[in-house]
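The values are calculated or read from the model by the stated rules, or taken from the named source; none is laboratory data. Just so it is clear, the structure is predicted and the values come from calculations on it, not from any experiment. Positions of Cβ are generated from backbone atoms using ideal geometry, with glycine treated the same way; all protein chains shown enter the neighbour counts. Surface areas here come from the heavy atoms of the whole protein model, side chains and all, with no ligands, DNA or RNA. Shrake-Rupley method; radii C 1.70, N 1.55, O 1.52, S 1.80 Å.
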Amino acid sequence: MENISGTNILDEVTQGDYKFGFYTDIENDTAPRGLTEDTIRFISAKKEEPEWMLAFRLKAFRHWLALKEPEWAHIHYPAINYQNIIYYAAPKRKEFASLDEIDPELLETFNKLGISLDEQKKLTGVAVDAVIDSVSVKTTFQDTLGKHGVIFCSFSEAVHNHPELIKKYMGSVVPYTDNYFAALNSAVFSDGSFCFIPKGVRCPLELSTYFRINAANTGQFERTLIVAEDSSYVSYMEGCTAPMRDENQLHAAIVEIVAMDNAEVKYSTVQNWYPGDKNGIGGVYNFVTKRGLCKGNSSKISWTQVETGSAITWKYPSCVLMGDNSIGEFYSVAVTNHYQQADTGTKMIHIGKNTRSTIISKGISAGKSNNSYRGLVKILPAASNSRNFSQCDSLLLGDKCGAHTFPYIQARNETSIVEHEATTSKISEDQLFYCKQRGIDTEKAIGLIVNGYAKEVLNKLPMEFAVEAQKLLAITLEGSVG
Amino acid sequence: MLLNIKNLHVAINGKEIIKGLNLGVNQGEVHAIMGPNGTGKSTLAAAITGREGYEITQGEIWFKGKNIIGMPAEVRANEGIFLSFQYPVEIPGVSMTNFMRTALNAKREYKGLPSIPAGEFLKMMEEKKNLVEIQSKLTNRSVNEGFSGGEKKKNEIFQMAMLQPSLAILDETDSGLDIDALKVVAKGVNELRSEDNAFIVITHYQRLLDFIVPDFVHVLFDGKIVKTGGKNLALELEEKGYEWIKDQYLANSEV
């Protein structure tokens, strides 16, 4: 009797629409549809890249041609026609001396996104590198960062201004041979962010990148590289949205992090790419390779992600714990609704001695969606006294969605300890009624309960991101209100 | 009249539980509803508060001059109906503070008022916590999570104090309480009693009524109120049990 109408309520409140589906009409400078060596030369030429960069791209492209798209994930989608995608779209005007010169529509887009590039950001202590479609539009606060020797700029600028660093680190964590999508990204990546924290520096600002796919039929292939030298610290935030479109858009990004001795990098993501409509039409295909290398002793890399968007999410932010005593962390909330599919998790590769890793994964499935956790914990023979703790929880809303857990554990060192816990639960009608009896309507109640469930992960996010993530969780699962 | 229930029939999964119940409650009154298990006491609470799955097959429930049948549970709550749950549910990860602020602001929004300022809210929390002798740290914990039986019931009364309803239904608030906790809960209720509000105290035992003295005592049996009296009726029930009422009722219905 408790559940008589519970399913209906959940059906209703999980029928919400995407709130960020606006399209900005900006003149684009685009590459012809399709992918050949000419496309790559076009991109490289547009970006006035040095010869070594083009050589890298072409090597990756030739390798990609020899690869097959992976099929092992628990996701289903029609074959992607890689020749029907536009691989490069840049807003036509490129030089901006001040915000006044930026296309007002673009600024309006940023306002809709709730991010501002103006001086207000100074007050909140956030430096933003905004990547819209493919070119980094404006990077703020380089002056402040410059004083501390921190480099934070678009990837293209870094290719020109810091070629030695790019040559040294690009591909050192995710080589172009890593997987199908990494090879594709290495061939066609359009822009992204580069961040370098010198020895002993604690980055004075939280760094933030906002990605957004705008033009129709464009893929976004950004690349992020973060290098933290000895005893440095940086907290890096990445947010993503995309306008509503009927066709599927491809996003295949690479994020590489290198942490040297005693360095710490905290990487937070709020991913809200367009998930498709209620019937599963449209939406972003998100195939992302994110990996951090704890190269130095006692280094630490921590991934925190809130994934609410994309029609398909294929993403495993990982840590390679090479340095002794290094630490890897993965905190994730992944929400799927309607016909969304997520296959996400992490890999913790323990190589050094006394390395530790923590995995907290909270999956929330609603509608007719499928949500899978896939995680690998690998302890290599030399990783004595290593420890891993994994906790994978699933929350189901309604009875037409799926939650799956695929944990892989490979322990090849006897002195190591690996723990894995998993739970599956549902929002109970009792909890909903308790909230309603206190005057809280169903939608707010679900937001409250889901945020409570995800709290352990949300607490790991930087403050202003946590607020945004909370709202997003509620919006994703709520109906048309809010 | 604050609450006026006329010829109420309630069914669960097609089975009739409440079978023609009448009850009138005025402001300033405390009504006790007693009766053996399974006679429909909690079903009555569910019907008044608008819980889904309870089908009103016949009758009317008037509250503040509106027939509230069909009104969503949260609207009834915001209109001023409060239920102190027999088994308060746990909501992991949601702090009492956050929960209470959300509830209070929902009520204010319903009344067209702005959100409560943080300072005022915290002051109010302190004041009401003292009323039911709740330890400060309890409100930082998740809603009812890991609370003892007594703490859960005190927490219900605390929420009642925060939301200031015009009608509060206490569903077996005394169950699972030791005498000290019972006194604290009763003290909280008594301090909240006023000329403007009313209470329906659902209980199995007379014990609670020593501390919360009712104006009326109703005996619920077979889905109907079969006997109504003053506070002494509770004492009589305590002494003689429910059997004599059952016998009386069955004898009458056979006639």
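Structure summary
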{"item": "Using a Förster distance of 51 Å, the FRET efficiency for A:LYS68-A:LYS147 (Cβ separation, nearest 0.05)", "result": "0.55"}
{"item": "Ranked order, B:ARG193, A:ARG387, B:ARG108, B:ARG76 - accessible area, probe 1.4 Å, largest first", "result": "A:ARG387, B:ARG193, B:ARG108, B:ARG76"}
{"item": "For the range B:85-196, average projected area of the Cα convex hull in nm²", "result": "7.1"}
{"item": "Of all DSSP beta bridges in chain B, antiparallel share, percent nearest 5", "result": "60"}
{"item": "Volume per residue of the C-alpha convex hull in the range A:256-408, rounded to whole Å³", "result": "77"}
{"item": "Set of lysines near A:LYS455 by C-alpha distance (under 20 Å), chain-local residues within fewer than 8 positions excluded", "result": "A:LYS266, A:LYS362, A:LYS426, A:LYS444, A:LYS471, B:LYS137"}
{"item": "Too-long pairs where the Cα-Cα distance tops 24 Å, listed order kept, from B:LYS19/B:LYS153; A:LYS290/A:LYS460; B:LYS123/B:LYS152", "result": "B:LYS19/B:LYS153"}
{"item": "Three-way shape call for the range A:335-482 based on the alpha-carbon gyration tensor, with the a/c threshold at 1.5", "result": "prolate"}
{"item": "Separation of the B:ASN26 and B:ASP210 label points, Cα + 7 Å toward Cβ, nm", "result": "3.0"}
{"item": "Over the range B:1-146, equivalent-ellipsoid semi-axes from the Cα gyration tensor in Å", "result": "31, 18, 15"}
{"item": "Solvent exposure ordering (accessible area, 1.4 Å, most first) of B:LYS107, A:LYS471", "result": "A:LYS471, B:LYS107"}
{"item": "Descending Cα extents along the principal axes, the range A:301-375, whole Å", "result": "44, 14, 13"}
{"item": "Solvent-accessible surface (1.4 angstrom probe) belonging to B:GLU145, in square angstrom, nearest 10", "result": "70"}
{"item": "List of the range B:85-128 residues, accessible area with partners at least 20 Å² below that of the chain alone (1.4 Å probe)", "result": "B:PHE85, B:VAL89, B:ILE91, B:PRO92, B:GLY93, B:VAL94, B:PHE99, B:THR102, B:ALA103, B:ALA106, B:GLU109"}
{"item": "The range A:373-482, accessible area per residue, ligands and nucleic acids excluded (1.4 Å, Å²)", "result": "42"}
{"item": "At least 30 Å² of accessible area lost relative to the chain alone, listed for the range A:435-450 with a 1.4 Å probe", "result": "A:LYS436, A:GLN437, A:ARG438, A:GLY439, A:ILE440, A:LYS444, A:LEU448"}
{"item": "Lysines whose Cα lies under 17 Å from that of B:LYS15, excluding same-chain neighbours fewer than 8 positions away", "result": "B:LYS41, B:LYS224"}
{"item": "Probe 1.4 Å, all protein chains present, accessible-area order of A:HIS350, A:HIS420, largest first", "result": "A:HIS420, A:HIS350"}
{"item": "For the range A:161-211 versus the range A:271-311, the gap between their alpha-carbon centres in whole angstrom", "result": "16"}
{"item": "Buried accessible area, chains A and B (both chains, 1.4 Å probe, Å² to nearest 100)", "result": "2500"}
{"item": "Distance between the range B:48-92 and the range B:175-210 - C-alpha centres, whole angstrom", "result": "21"}
{"item": "Crossing angle, helix B:243-254 versus chain B [Cα axis fit, 0-90 degrees, rounded to tens]", "result": "60"}
{"item": "Shape parameters for chain B, alpha-carbon atoms, Rg then Dmax in Å", "result": "18.4, 64"}
{"item": "Largest-first principal axis extents, alpha carbons of the range B:109-255, Å", "result": "63, 36, 25"}
{"item": "Mean residue ellipticity (222 nm) of chain B, computed from DSSP H runs ≥ 4 via -39,500 (n - 2.57), nearest 500", "result": "-12000 deg cm²/dmol"}
{"item": "Stokes-Einstein D in µm²/s, Kirkwood radius over Cα pairs - the range B:1-71 at 10 °C with 1.306 mPa s viscosity", "result": "127"}
{"item": "Theoretical FRET efficiency, 1/(1+(r/R0)^6), r = Cβ-Cβ of A:SER428 and B:ASN190, R0 30 Å, to 0.05", "result": "0.35"}
